[in-house]
Every structure is written in C-alpha cells, then in structure tokens.
Amino acid sequence: REDIREDGERVLVRNRWGAIEQNMRDSEVMPLTISGAVKDRASWEKIKERLDPDTPGRLPENWDQVCREARYTDEPVWTGGLPIGFFGAPRELIGFENQVMMFYDDPGLMHEILDTLCDLWITLYTKVQQDVRIDWFFIWEDMCFKNGPLISPDLFREFLLPRYKRFTGALRENGCRLVLVDSDGDERPLVPLWMEGGVNIVFPWETQFGLDITEVRRQYPQLGMIGGINKFALAHGREAIDKELEKIPFMLEQGRYIPGLDHGVPPDVSWDNYRYFYDRLREMIWKYPPCPT
C-alpha cells in the first residue's frame, strides 16, 4: 500500500490492487474505496492477468508446514475470508458506485469479472483441498444495510447465483460441508438465494433495525446461524442484557445456532457488563450443549 494524501483525520491510500481507499487515522473503521482500479474494460485487462490461478506463489512458502498443522489439529479447519465474495471482491476492484452501475451499463464485463474470480477460486481451493481437509469455508460479502441488500434479488440471481453454485459445488465435491457467508445489514431477502447457491451458514444477523432472529429461525429451520445478539444492549446494564438474552434458549433448543454479538463489542461497554453478559450466556450454552446432526 502507498499513502497518497493526508487531509486531517482522513488518509488516502493506494492499496495492493491499485484502488484508492480513504482511511480514518487511528481508527478501526473499514476503509472506504473511493476509486477502484477497474474502471472499464481497458483497466480490467491490466488487472486480469494478475488473476491467473497458475501464477507462482499462490500458496505460501511454508505450505507443507501449514498442511501438517491442519492435519493434526483438533480444531475445525477453515479458509477464505476477505476478499473472497462475489459481491465483496468486485467491490474491492471496482469501487461500490462503479460496481453497481456496471451491472446495468456493462453487464458483459461484470459477467467476465465474476467468471474470472470464480475460476481462480475454484482452481486454487481445489489444489488446497487436495493437500488438506477443509471443514468450512468463509465467504465475505458485506452486501446489505439496514434497509436491505445493496443489489436486488433479481440481480443476485442473474450475476451471483450461478457463480455461487459453481464454487460451493466444487468445495463440496472435495469434502467441504459447510459454507458460511458474512454480511452486515438486513440479509433476509437474500437468504433463499444464498441457500439455493449452496450456503448453509449466515452471520452476524444485526438487530438494530428491528430484526427478530427467532422469526428467521422459524422461517429457515435448516439454516446455520451465528450472532443475533444486540451488541448495544451490553452498555445499558444487567436488566437490558437479561432482556436481550431471553431469545437465546429458544435458539439453542432449535440447534444449528452459535450465539454471539451481532458485531464487535462497542467501546462504551464496561468490563463488568461484558463479564455479566459472558457468564449469563455461558450458563445458557451449558444447558443446551451442541448436538451434531
């Protein structure tokens, strides 16, 4: 990365893809892509050659050691994460505004970008799975906000769903049973499409816009879910924490659920409140231990 310009608390950075990001100084807030490296077909052609799955160095130099550790661990083995996602990765390359316009202005180019990424990931992770068992795979999208998805379900079905099916199919063919998607905001309109595309776990289920995770569970009893506990409740004392945790026994009874906050712990949460939350949640979990199915 390369610092380009500083403006008070804002720092503009050129990232490894050549995109311009805005970072806030001394902040953990995710950077905002101001201008993507891909603006049109000509700039895409310059980037595309870097996405060849056979490029040397795709796996780390200590790959043999990584595989040995993965084979002998008692923990589930996973891979993926940012920027592996069929909405998330193009956004990193293109920038959000240009990306959402490209679905309409140049759909052929968007299809080509998505196919190139899908081919890269299938080839790369098939090689990985030949060397080590992968228990679950992490797809990062962050493609919703409080009022719903950043693209319509129709666009998702046309552009993202075929690639989801190809990719998750390849993962399962090589032994990975669980595919998890991470997206903020109101994910509900996309859940049926994700499930059709081979995803079986979604998180973190933010609640600030009124989402009731128990209703989502009733609608999708087979979906794996993580999160759904309002992080802001922790700042308001034990009564608020107890109220927020009232839904957890039902969720644990239904299974396929890992309780957790719907994002990171806010800075105004006291240590005493957090410990109280943790202890109460632990008591509930011990009453309803995991039951593999």
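Listed here are the residues, each with its yes/no results for (1) open to solvent by less than 50 Å² (accessible area, probe 1.4 Å); (2) in a helix (DSSP H, G or I); (3) in contact (Cβ under 8 Å) with a residue 12 or more places away in the chain.
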position	(1), (2), (3)
LEU155	yes, yes, yes
ARG163	yes, yes, yes
ARG166	no, yes, yes
ALA170	yes, yes, yes
VAL179	yes, no, yes
ASP186	yes, no, yes
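Listed here are the residues, each with its yes/no results for (1) more than 20 Å from MET143 (Cα to Cα); (2) touching a Lys or Arg at 6+ places or on another chain (Cβ under 6 Å); (3) surrounded by 13 or more Cβ atoms within 10 Å (Cβ to Cβ); (4) at pLDDT 90 or above.
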| position | (1), (2), (3), (4) |
| --- | --- |
| ASP7 | yes, no, no, no |
| LEU12 | yes, yes, yes, no |
| TRP63 | yes, no, yes, yes |
| TYR72 | yes, no, no, yes |
| PHE86 | no, yes, yes, yes |
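Of the numbered criteria (1) in contact with a Pro (Cβ under 7 Å, 6 or more places away or on another chain); (2) open to solvent by 100 Å² or more (accessible area, probe 1.4 Å), the one GLU21 fails is (2). Considering the range 108-137, the residues that are surrounded by fewer than 18 Cβ atoms within 10 Å (Cβ to Cβ) and in contact with a Phe, Trp or Tyr (Cβ under 8 Å, 6 or more places away or on another chain) include one that is nearest to ARG58 (Cα to Cα), namely ASP131.
Restricting the range 65-97 to residues that are within 14 Å of the chain's Cα centre (by Cα) and among the charged types (D, E, K, R), the residue that is nearest to GLY197 (Cα to Cα) is ARG91.
Across the range 236-251, which residue is nearest to PRO204 (Cα to Cα) among those that are open to solvent by 20 Å² or more (accessible area, probe 1.4 Å) and among the hydrophobic types (A, V, I, L, M, F, W, C)? Of everything passing the filter in the range 236-251, PHE250 is nearest to PRO204 (Cα to Cα).
Taken over the range 194-210, residues that are over 15 Å from the mean Cα position of the chain (by Cα) and either on the phi > 0 side of the Ramachandran plot or in a strand (DSSP E or B) (or both) amount to 1. For the range 211-228, the criterion of being in contact with a Cys (Cβ under 8 Å, 6 or more places away or on another chain), within 17 Å of GLY148 (Cβ to Cβ), not polar (S, T, N, Q) and not in a strand (DSSP E or B) is met by none of the residues.
Scan the range 256-280 residue by residue and report those that are surrounded by 14 or more Cβ atoms within 10 Å (Cβ to Cβ) and over 21 Å from ASP182 (Cβ atoms). Within the range 256-280, VAL269, ASN273, TYR274, TYR276, PHE277, ARG280 qualify. Just for the range 22-61: of the residues that are touching a helix residue (DSSP H, G or I) at 6+ places or on another chain (Cβ under 7 Å) and β-branched (Val, Ile, Thr), which one is modelled with the highest pLDDT? The extreme case among them is VAL38.
State whether the residues of the range 269-278 include one that is of a type in the set (Phe, Trp, Tyr) and outside any helix (DSSP H, G or I). Within the range 269-278, none of the residues are of a type in the set (Phe, Trp, Tyr) and outside any helix (DSSP H, G or I).
Does ILE201 fit the bill of being buried (at least 17 other Cβ atoms within 10 Å of the Cβ) and within 30 Å of ASP74 (Cβ to Cβ)? Against the criterion (buried (at least 17 other Cβ atoms within 10 Å of the Cβ) and within 30 Å of ASP74 (Cβ to Cβ)), ILE201 qualifies. Could you run through the range 210-235 and say how many residues are open to solvent by 60 Å² or more (accessible area, probe 1.4 Å) and among the aromatic types (Phe, Trp, Tyr)? Residues meeting the conditions: 1.
The values are calculated or read from the model by the stated rules, or taken from the named source; none is laboratory data. Not measured: the values here are computed from a predicted model. Because the Cβ atoms are built from the backbone with ideal geometry, glycine has one as well, and the counts that use them run over all protein chains shown. Just so you know, the surface numbers come from the protein's heavy atoms only, side chains and all, with ligands and any DNA or RNA stripped out. Shrake-Rupley method; radii C 1.70, N 1.55, O 1.52, S 1.80 Å.
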